[in-house]
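Read the structure below first, then the notes.
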Amino acid sequence: MGQIERGVLEEERIKLENIRTNQLSSVGGKGGLRTAATPVKELKFNVSEDENGKGCEAEFSFMLQRGCYATVLLREMMKPPDPLKAGF
């Protein structure tokens, strides 16, 4: 990661100093790139019938790398077989 971006900038003859950034980015943290895919560690789950017997409940426990979003993983776990048909 980073090599692709540098390659594109070089290919397009774009210099980093010519890229405008907002002032907020200069006072923020170091920043960085996120991985496209991340390992899920210590994944545990339990599925049980809910109290009224009309459905089920699921409980998940897992660890992700720093900078990864649990909501993205949960969305993928709950995604229906046909996301477009379900309105995703």
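The values are calculated or read from the model by the stated rules, or taken from the named source; none is laboratory data. From a predicted model like this one, the values you see are computed outputs, not experimental measurements. All Cβ positions, glycine included, derive from the backbone under ideal geometry; neighbour counts span all protein chains shown.
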- Query: Are there any pairs, at least 6 apart or on different chains, whose C-beta atoms fall under 8 Å, with the first in the stretch 54-76 and within 13 Å of Leu43 (Cβ to Cβ) and the second at pLDDT 85 or above and aromatic (Phe, Trp, Tyr), and if so, which?
  - Reply: Ala58/Phe45; Glu59/Phe45; Phe60/Phe45; Ser61/Phe45; Ala70/Phe62; Leu73/Phe62; Leu74/Phe60
- Task: Identify all residues within the stretch 6-55 that are farther than 30 Å from Met77 by Cβ and either modelled with pLDDT of 80 or more or in contact with a Ser or Thr (Cβ under 7 Å, 6 or more places away or on another chain) (or both); write none if there are none.
- Result: Arg6, Gly7, Val8, Leu9, Glu10, Glu11, Glu12, Arg13, Ile14, Lys15
- Boolean, Glu49 is of a type in the set (Asp, Glu) and farther than 30 Å from Gln3 by Cα: yes
- Query: Limited to the stretch 56-88, what total is found for residues that are part of a loop (DSSP other than H, G, I, E, B), modelled with pLDDT of 85 or more and of a type outside the set (D, E, K, R)?
  - Reply: 6
